[in-house]
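Below: one structure, written as structure tokens.
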Amino acid sequence: MCGIIGYLGKEPALPFLLRGLKSLEYRGYDSVGVALVEEEKFISFRKKGKIRDLEQDLTDFSSNSCCGIGHTRWATHGVPSDRNAHPHFDCQEKVALVHNGIVENYQSLRAGLSLEGHCFRSDTDSEVIAHLLEGEGDPLERIFNMMKRVEGSYALCIIFQEEPDVLYGVRQLSPLILGVGEDSHFLASDLPAFLEDTRRVVFLEDGEVVRVSPAGYTIYSSDGIKKDKPVVTVPWDPVRAEKGGFKHFMLKEIHEQPQVLEETLMGRINLLDKRVCLEEIAGWDGNFERITIVACGTANYAGLLGKIFLEKLARIPVEVDYASEFRYRDPLIGENNLVIAISQSGETADTLAAVRLAKEKGARVLAICNVMGSTLTQIADAVIYTRAGIEIGVASTKAFLCQLAVLLLLALYFAEARGIEDEQLEREKILEELVSLPRQIREILEKEEIFQDLAREFYLLKDFLYLGRGVFYPLALEGALKLKEISYIHAEGLPAGEMKHGPIALIEPDVASVVLVGSGETRSKVIGNLEEIKARQGKVIAVSWVGDKELEKKADRIIFLPPTLEILSPFLAIVPLQLFAYYVALEKGCDVDQPRNLAKSVTVE
Ligand code: M6R
């Protein structure tokens, strides 16, 4: 995945491009580049490394060009290097473009173009597009012709030297948004790239081309027909895309959790009549034969908790699949099934492919998503937004919490729609306790230094196991994922009951286990697992409820949580796991917001 940006306006483009690229850097950060049009020629800078490296090269450079494009890369084809960095050009350097996506048939296109005499200067798939656009004639026509030949996914910003004050954008299976400012227009992979300048946007759809000129913009479908599309004002606050005094976006986003949870619940719970109101799916009766949840990574672990919520409360059978597995196993799915796709970005390639397959098979698709106008929200039958605000840290935190909130509300909503009896008034209690969670999360955050101390004590260990049962098992998976992705420490999440079937062989003094101890029916069993680990000299960090005296004597360290219902405990227990991972990564000196080899959303399969 990469980030692309284009600017056309009345002011010099370079500062807008660099600022925009910084907010897109979460999408890829192994190389960077910009191109500007000056006196009908391109000036470009391309570099392996981060945007700050490019900025250093540009210290003594200034330009009045008001039209330019930029790119921040996460390599797929061709190693990170200056020559593979975007923008790419045709042979005569009359076309400049930046690309996010994958040209699947690039090898055959490249072979054909080489035979025709085209000269390639990089190892990327993207460069073939520049050569396909080379030539004479109306640039728009050349774009449409190129689209007929390229297979795969692409979002493009293109400038033709013959039209130095025109910027083109093309979207096909990769995100591209048009920002409409007072005297300027932006094209970008994601909103934060221009949110400081405008919140008025047009969400482009697959197959669309936009031509931006000083006179305004025109959108075309791939067959060249002009289209009218609504300009939407996005509710996101640009401040949310800044670090706001925190050292890292991840830490800021962990701290935003009480607020975004409140926002996600807002207007969706009626405490007077103890009901959940989800206008997005008004009229859905919840009578599905089965629900299948598809998602990747952290969103998939939220899905595992969603299964517990939906089965327990709404009594609907639920299966959870990795989106990347679902699509290749010929799933038994049809009209009577609901597929819930969970995705922070709404652009994860595997999740989108799974949804497309589910739709082909006639299933109804509900998206739980954080990004307005993303591809997922365009192809789903209905969308419930998570309202987490922009999430920039590569390690997902606040989006996960909001996904849990939506899944719980959904389970409560379907329970009522299906007329499931609530004799023990369990649902009412859940709703009452749910609204206290933001305050309880704040209480945990106020004691942040505990996690810093804990991290100092444990960061040199090389292996961690995370163990839990019931609602704590998905959390064990998520806790382990957080640790490994930002601190590069090997960590495994396991159902605690599985320990004795193999993983216990790993226990030795240098292995730490984070044991999530609930108060439910499996509590004594999990404590048994903890004792088995201690008996083999393993280190134990336990997570339990304030006042759990029994555990204090058994674990090496214990993290206490404010009391809540067992079903709501993941909302609280996740916060210490995020903070622990954060501070371990910090102790190790890792790049928390931009961990190696990763990108925020994975738009390739
Ligand atoms: O944007 P999505 O929610 O679809 O992304 C799914 C995963 O790629 C994502 O959760 C990933 O696992 C994160 N790096 C986890 O922190």
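The values are calculated or read from the model by the stated rules, or taken from the named source; none is laboratory data. Everything numeric in this text was worked out from a predicted model, so none of it was measured. When we count neighbours, we look across all protein chains shown, and the Cβ atoms used for this are built from the backbone with ideal geometry, even at glycine.
Structure notes:
- Selection within segment 245-258 - out of contact with any Leu (no Cβ under 7 Å at 6 or more places or on another chain) and in a helix (DSSP H, G or I): Phe249, Met250, Leu251, Lys252, Glu253, Pro258
- Count of segment 351-379 residues which are within 14 Å of the ligand (Cβ to nearest atom) and buried (at least 23 other Cβ atoms within 10 Å of the Cβ): 12
- Checking Lys252, Lys312 one by one, the residue that is touching a Phe, Trp or Tyr at 6+ places or on another chain (Cβ under 6 Å) and either basic (Lys, Arg) or crowded, with 17+ Cβ neighbours inside 10 Å (or both) is Lys252 and no other.
- Odd one out for Arg456, checked against (1) in contact with a His (Cβ under 9 Å, 6 or more places away or on another chain); (2) surrounded by fewer than 19 Cβ atoms within 10 Å (Cβ to Cβ); (3) at pLDDT 95 or above; (4) not aliphatic (A, V, I, L, M): (1)
- The set of residues in segment 67-101 being of a type in the set (Val, Ile, Thr) and over 23 Å from Gly135 (Cα atoms) consists of Thr72, Thr76, Val79.
- Count of segment 136-169 residues which are polar (S, T, N, Q) and either surrounded by fewer than 19 Cβ atoms within 10 Å (Cβ to Cβ) or closer than 21 Å to Glu39 by Cα (or both): 2
- Phe288 vs. criteria outside any loop (DSSP other than H, G, I, E, B), hydrophobic (A, V, I, L, M, F, W, C) and either away from the ligand (no atom under 14 Å from the Cβ) or within 25 Å of the chain's Cα centre (by Cα) (or both): no
- The residues listed here are Phe451, Phe464; of these, the one that is at pLDDT 95 or above, hydrophobic (A, V, I, L, M, F, W, C) and assigned to a helix (DSSP H, G or I) is Phe451.
- Pick from segment 116-131, criterion without any contact (Cβ under 8 Å) to a residue 40 or more places away in the chain and under 32 Å from the mean Cα position of the chain (by Cα), ranking: surrounded by the most Cβ atoms within 10 Å (Cβ to Cβ): Glu127
- Hey, Val294 part of a strand (DSSP E or B) and under 24 Å from Arg387 (Cα atoms) or not: yes
- Flag if Thr386 is within 27 Å of the chain's Cα centre (by Cα), under 14 Å from Thr264 (Cβ atoms) and within 15 Å of the ligand (Cβ to nearest atom): yes
- Restricted to segment 331-343, and to residues there that are touching a residue at least 40 places away in the same chain (Cβ under 8 Å) and surrounded by 16 or more Cβ atoms within 10 Å (Cβ to Cβ), the residue that is nearest to the ligand (Cβ to nearest atom) is Ser343.
- Helices (runs of 4 or more DSSP H) contained entirely in segment 503-605, each with at least 3 residues that are within 16 Å of the ligand (Cβ to nearest atom) and in contact with a strand residue (DSSP E or B) (Cβ under 9 Å, 6 or more places away or on another chain): 569-587
- Among (1) surrounded by 13 or more Cβ atoms within 10 Å (Cβ to Cβ); (2) over 24 Å from Ala188 (Cα atoms), the one test that Ala282 misses: (1)
- For segment 422-435, the criterion of being in a loop (DSSP other than H, G, I, E, B), farther than 30 Å from Ile486 by Cβ, of a type in the set (S, T, N, Q) and not assigned by TED's automatic domain parsing to the domain that holds Ala480 is met by at least one residue.
- Residues within segment 490-510 that are under 18 Å from Val543 (Cβ atoms) and at pLDDT 95 or above, tallied: 5
- Condition check for Leu261: surrounded by 15 or more Cβ atoms within 10 Å (Cβ to Cβ), touching a helix residue (DSSP H, G or I) at 6+ places or on another chain (Cβ under 6 Å) and assigned to a helix (DSSP H, G or I): yes
- Asp183 in contact with a Ser or Thr (Cβ under 7 Å, 6 or more places away or on another chain), in contact (Cβ under 8 Å) with a residue 40 or more places away in the chain and under 20 Å from Pro12 (Cβ atoms): no
- When the residues of segment 313-330 are filtered to those that are in contact (Cβ under 8 Å) with a residue 12 or more places away in the chain, over 25 Å from the mean Cα position of the chain (by Cα) and in a loop (DSSP other than H, G, I, E, B), the one that is nearest to Gly419 (Cα to Cα) is Arg315.
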